[in-house]
Each structure stands twice: as structure tokens, then as C-alpha cells.
Amino acid sequence: MDLFADSWAALLTAVAETPDEDFGAPSGCAGWLVRDLVCHLVIDAQDVLITLATPVDAEPTVDAVTYWNLVAPPTGDDPLDALIPRLAAAYGDPALLKFHLDDVGSAAGRAAALADPVVRVGTRDEVLTVADYLSAYVLEWTLHHLDLVAHRPSAAGPSERALAAARSALERIAGVTFPASLPDRDVLLVGTGRRGPTDAEVAALGGIAERLPFVVG
């Protein structure tokens, strides 16, 4: 659970440090501007608060790995995906979007710190422990941190610990082991289709390259 807190805090800090003029620039999420990504994070923070306030008296149906599924790459046709850019644009001033994320995101972080890790909660028609739910979101926060700084090479990215944990999660979700020669950051970017593999990476990936991307949802 501490890795959830660390990765979330790092992501909130990265958003707060993003210059206002960059909110209209592309993010690492195909088709989304930085402001769209930040708006998505507001919704994610709300989901964390809702889930932690939804205890369930039932046996877990998923854990931190099986919570995620491999899905088809987004086409932009999903109603929520189409709604987010309109919501983000409605904020107008990036400072308002930053404030909203800091407000809701800080509350989500506090709720996570206070939650009992063994309590079972319900979300997405599934049941899992708080510990597994928060562990699952380390992958989400790490990928979106990479998305946030995708076009800002001087900005701080996720911690090495978060990158390693996210890589391990992706490997278990996809049922593959990426070559040890590939750094965690590159595994996450290439493995999830955020960038195409180089010729050298294709050679190192072998048969895995034919199965890319592993889109998690």
C-alpha cells in the first residue's frame, strides 16, 4: 500500500509542476492532450474514493493482477473517452483543473492511507481487498505518469521502484516475461503500445513482439 501512496503522490506532484502552457500539448495517451489526461486522473481519484467507501461482505473475485484485463486498443468511440476531452476543455484555466485534482486527489490519498488493507471492497462488479485494489493502481499511476511527461524529457518521471512494480504487474497480466535487457520504462512504453519498438527491441522481444500491444483496462 505504501507504493500506491508514493506513486500517487509523485503523480500529483508532477501534475502540479506541469506548466500551464503544456496543458494544451499532447500527452503519451494517443488522442489525449495533457489536460485530458489530468481530467481522467480526477475521475480516477473519484473512483478510488467511491471504491474505498464501498465495503462488501463477499469473497474476493479478483486480486491485484486479475483486476485488470487485456483489451483492444481504444478507438475513441467509448462514450467516457469521448466525454473526457469535453470535460477537460470546460475547465478553461489549467489552474482550475490542477486545483480540482489536488483537492480530490489528496482526499483519495488520505482515504487510502486510512483504509484497512484486509477489508473487501466492490468496484467494476468485482470484489477484492483494499490492499489488492490499491496495489492494482500502481500500474495505472505509473503508466499515466509516463504519459504526463512523455514530451517533457526534463520532467521527473515515476520512481525506479514504481517502474519495476508496474513492469512486474504487466508481465503477470500479459502472461509474458520481457527480456531482462530491456529497461522497465521501455518495457512499459513498448509493451502497452505507447511507442513502437525499435529494430533492436523487436529482435530482443522475439515472439512477444508479434503480440504487442498489451492494452490494460
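The values are calculated or read from the model by the stated rules, or taken from the named source; none is laboratory data. The structure displayed is predicted, hence computed values, not measured ones. Reconstructed Cβ throughout: ideal geometry from the backbone, glycine too, with neighbour counts over all protein chains shown. The area values use the complete protein model at the heavy-atom level, side chains included, leaving out ligands, DNA and RNA. Shrake-Rupley method; radii C 1.70, N 1.55, O 1.52, S 1.80 Å.
If the Cβ limit is 9 Å and pairs must be 6+ apart or interchain, which residue in the range 1-12 that is outside any helix (DSSP H, G or I) pairs with which residue that is open to solvent by less than 50 Å² (accessible area, probe 1.4 Å)?
Close Cβ pairs (under 9 Å, with a partner that is open to solvent by less than 50 Å² (accessible area, probe 1.4 Å)) amount to Met1/Ala112; Met1/Ala115; Met1/Val130; Met1/Ala131; Met1/Leu134.
Could you tell me which numbered condition Ala64 fails, if it satisfies all but one of (1) part of a loop (DSSP other than H, G, I, E, B); (2) open to solvent by 30 Å² or more (accessible area, probe 1.4 Å); (3) touching a helix residue (DSSP H, G or I) at 6+ places or on another chain (Cβ under 6 Å)?
Every condition holds for Ala64 apart from (2).
Being more than 26 Å from Ala150 (Cβ to Cβ), of a type in the set (Ser, Thr, Tyr) and not in a strand (DSSP E or B) is the requirement here; does Thr75 meet it? So that I can check it myself, show each step before the final result.
Numbers: more than 26 Å from Ala150 (Cβ to Cβ): no; of a type in the set (Ser, Thr, Tyr): yes; not in a strand (DSSP E or B): yes.
It is false that Thr75 is more than 26 Å from Ala150 (Cβ to Cβ), of a type in the set (Ser, Thr, Tyr) and not in a strand (DSSP E or B).
Please give the helices (runs of 4 or more DSSP H) falling wholly within the range 148-206 in which 2 or more residues are open to solvent by 60 Å² or more (accessible area, probe 1.4 Å) and farther than 22 Å from Tyr137 by Cα. I'd like the intermediate steps shown before the answer.
Numbers: elements: 160-174, 184-191, 199-205.
It comes to 199-205.
With respect to Ala88, determine if the residue is modelled with pLDDT of 95 or more, touching a strand residue (DSSP E or B) at 6+ places or on another chain (Cβ under 9 Å), surrounded by 10 or more Cβ atoms within 10 Å (Cβ to Cβ) and part of a helix (DSSP H, G or I).
Details: modelled with pLDDT of 95 or more: yes; touching a strand residue (DSSP E or B) at 6+ places or on another chain (Cβ under 9 Å): yes; surrounded by 10 or more Cβ atoms within 10 Å (Cβ to Cβ): yes; part of a helix (DSSP H, G or I): yes.
So Ala88 fits the description; yes.
Could you list, in sequence order, the residues of the range 207-217 that are farther than 22 Å from Ala10 by Cβ and either modelled with pLDDT of 95 or more or surrounded by 15 or more Cβ atoms within 10 Å (Cβ to Cβ) (or both)?
First pass over the range 207-217, keeping only residues farther than 22 Å from Ala10 by Cβ: 207-215, 217.
Listed by number, the residues that qualify are Gly207, Ile208, Ala209, Glu210, Arg211, Leu212, Pro213, Phe214, Val215.
Which residue pairs have Cβ atoms under 7 Å apart, sit 6 or more places apart or on different chains, and have a first residue in the range 24-53 that is in contact (Cβ under 8 Å) with a residue 40 or more places away in the chain and a second that is assigned to a strand (DSSP E or B) and surrounded by 20 or more Cβ atoms within 10 Å (Cβ to Cβ)?
Thr51/Val121; Leu52/Val121
Which numbered condition in (1) touching a helix residue (DSSP H, G or I) at 6+ places or on another chain (Cβ under 8 Å); (2) crowded, with 17+ Cβ neighbours inside 10 Å is the only one that Ala131 fails?
It is condition (1) that Ala131 fails.
Identify all residues within the range 93-108 that are surrounded by fewer than 18 Cβ atoms within 10 Å (Cβ to Cβ) and either closer than 14 Å to Ala45 by Cβ or at pLDDT below 95 (or both); write none if there are none. Spell out the reasoning first.
Within the range 93-108, the first condition is being surrounded by fewer than 18 Cβ atoms within 10 Å (Cβ to Cβ), and the residues that meet it are 93, 95-96, 99-100, 102-103, 106-107.
Across the range 93-108, the qualifying residues are Phe99, His100, Asp102, Asp103, Ser106, Ala107.
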